[in-house]
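See structure below.
None of the figures in this text is laboratory data; all of them are computed from the coordinates on show. Bear in mind the structure is a predicted one, so any value in this text is a computation, not a measurement. Glycine gets a Cβ as well: all are built from the backbone with ideal geometry, and neighbour counts include every protein chain shown.
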Amino acid sequence: MRARPGSASGDNWNMSEIRLRRIKKIATRIRVPGDKSMSHRAVMLAGLAKGTSRIAGFLAGEDCARTLRAMQALGAEIESEDGTNLEITGTAGDCRQVLETIDCGNSGTSLRLLSGILAGQPFSSRLSGDASLNSRPMDRITKPLTEMGALIKSENGNDCAPLLIQASRLHPIDHQTPVASAQIKSCVLLAGMFAEGTTSVSEPNQSRDHTERMMRHFMLPIRSEGLTTFINGLSIPTARDFSVPGDFSSAAFWIAAAAALPGSRLVVENLGLNPTRTGLITVLLRMGAQIRENLDAGDQIEPRGTVEVRGAPLHGTIIEGALIANVIDEIPIIAALGALADGTTVIREASELRFKETDRLAAIATNLAAFGVPVDETPDGLVIQGGSPLAGATVDSFGDHRIAMAFAVLGLFCEGETRILNTDCIRTSYPGFERQLASLRRRHRRHA
Ligand code: S3P
């Protein structure tokens with residue numbers, strides 16, 4: 001049973017906090033750190049490749065550092081002067097055994113994707129994480145891996161990490177994921193690299209396709225037809241250079257803040273604009289926002305460009321169905337927007353949110369209520385009555401980076417002081433968030 005928000009358990013609990021007050025507008029041009037999902041995948045594939053790859057714009061956050069250290073332990077040589085520009089010489093298919101536990105910290109992407117790689121190795125491994133990660137469901141990956149012939153089990157028999165993997169030979173499968181999850185899909189595709197024959201993964205809705213794009217870039221035999229992706233196994237990736245664009249999920253906090261604050265104008269440059277990630281733009285347009293994306297020209301492995309936002313009054317909307325997968329990490333900030341918009345915002349078919357770094361539906365409902373926002377938590381979503389004036393509140397992050405950042409943004413719209421407690425978790429995905437927040441607030445004081 002996972003701890004619900006309110007019960008302070010977990011080994012990343014700490015005393016850090018953010019205090020903030022209302023601002024009148026946002027008027028700036030910014031960049032955000034590199035995309036987290038792409039950083040994980042670039043380091044994994046470059047780390048397995050034959051030859052030396054240069055990865056620029058790598059996200060120097062804690063989650064991606066976990067993947068980087070694991071790939072080093074497996075034998076990839078990784079050099080970097082500044083932590084974001086990496087030179088990686090891969091193992092060329094010859095990984096070495098890691099005798100100690102591979103500690104994935106808070107990072108579900110590290111644990112689930114590395115399991116796919118490790119299941120195909122001729123040696124045993126043990127993967128674990130912090131209390132939050134070790135309470136997230138892992139049967140979604142152990143089931144398909146076991147079907148492929150992997151010897152993988154949950155050490156405590158509770159379908160959670162720590163996971164123990166023993167040497168085995170993998171065979172291909174055709175897997176249908178029960179939910180649209182890029183982590184499940186990627187785990188099976190990575191394991192498929194080590195199985196002789198064609199492995200396929202089909203999903204009910206399109207989840208982020210960074211693994212497919214990155215595998216193609218690293219010259220692996222992969223192709224997609226609709227919602228099914230096929231990989232031919234036993235081929236080694238070829239080293240390639242890659243430049244990681246800014247993380248749309250990090251920019252989402254500023255895009256949402258500017259969109260909801262009339263008089264604001266924000267430009268975010270060098271931003272990843274993969275359509276499987278930009279559902280927030282669709283949601284904001286439905287809410288009446290003024291927002292424009294400009295894609296950079298050229299043949300891009302990952303689409304990128306500029307987003308321009310002007311603040312406008314927003315109204316409530318319904319978020320459901322296939323869109324959920326494309327806003328999976330943006331639900332906390334969308335809920336904050338729901339509190340700011342006139343009318344009702346309904347989020348449904350989002351029960352996956354209960355299995356993130358915390359139970360995000362419960363955390364959002366608890367925190368919105370603390371701000372005085374009328375909110376109903378349903379089994380698979382939230383119903384939020386927006387548009388009332390908001391008073392600052394003291395709320396917890398529950399150890400979840402996106403909860404911390406979403407409610408910090410909400411605090412920018414409140415009368416009086418807002419305190420977000422337990423904010424160290426932000427560094428898992430967005431080192432520099434607090435500096436950027438402080439700089440937006442200083443600029444506002446200068447220009448307002
Ligand atoms: C991710 C996939 C998503 C997302 C997570 C990163 C990835 O998880 O929520 O932050 O990089 O593959 P699920 O696959 O569990 O939906």
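In the distance distribution for the chain, Cα-Cα pairs more than 43 Å apart total 11 percent. Over all Cα pairs of the stretch 36-243, how is the pair count split among 10 Å bins, expressed in % and running from 0 up to the last occupied bin? Histogram of Cα-Cα distances, whole percents per bin: 10, 39, 40, 12, 0. The stretch between A438 and H171 holds 90.9 nm of extra length on full extension. This uses 0.36 nm per residue minus the Cα-Cα distance. In the chain, helices alone account for a calculated mean residue ellipticity at 222 nm of -9000 deg cm²/dmol, with every DSSP H run of four or more residues adding -39,500 (n - 2.57). Computed from point charges on the beta carbon alone (+1 for Lys and Arg, -1 for Asp and Glu), the dipole magnitude for the chain about its Cα centre is near 1160 Debye.
With a simple spin-label model that places each label point 7 Å from the Cα along the Cα-to-Cβ direction, the separation between E225 and R54 comes to 3.9 nm. Within the same chain, lysines fewer than 8 places from K153 are excluded, and of the rest, those with a Cα less than 17 Å from its Cα are K143.
Computed extension length for I301-F123: 60.8 nm, one decimal, from 0.36 nm per residue of separation with the Cα-Cα distance subtracted. Highest mean packing first, where packing is the average number of other Cβ atoms within 10 Å per residue, the peptides 169-180, 354-365 line up as 354-365, 169-180. In this calculation the C-beta distance from D380 to K143 is compared with R0 = 30 Å, giving a FRET efficiency of 0.85.
A Förster radius of 25 Å combined with the Cβ-Cβ distance from T84 to V346 puts the calculated FRET efficiency at roughly 0.05. Straight Cα distances below 25 angstrom link K50 to the lysines K36, K185, with same-chain residues fewer than 8 positions distant left out.
Footprinting exposure proxy ranking of D329, D376, D35, D209, fewest other C-beta atoms within 10 angstrom first, gives D376, D209, D329, D35. Got a sec? Which residues in the stretch 366-402 would a label at E417 touch, if it sits 7 Å along Cα→Cβ and we count backbone N under 14 Å? Residues 392-395 fall inside that zone.
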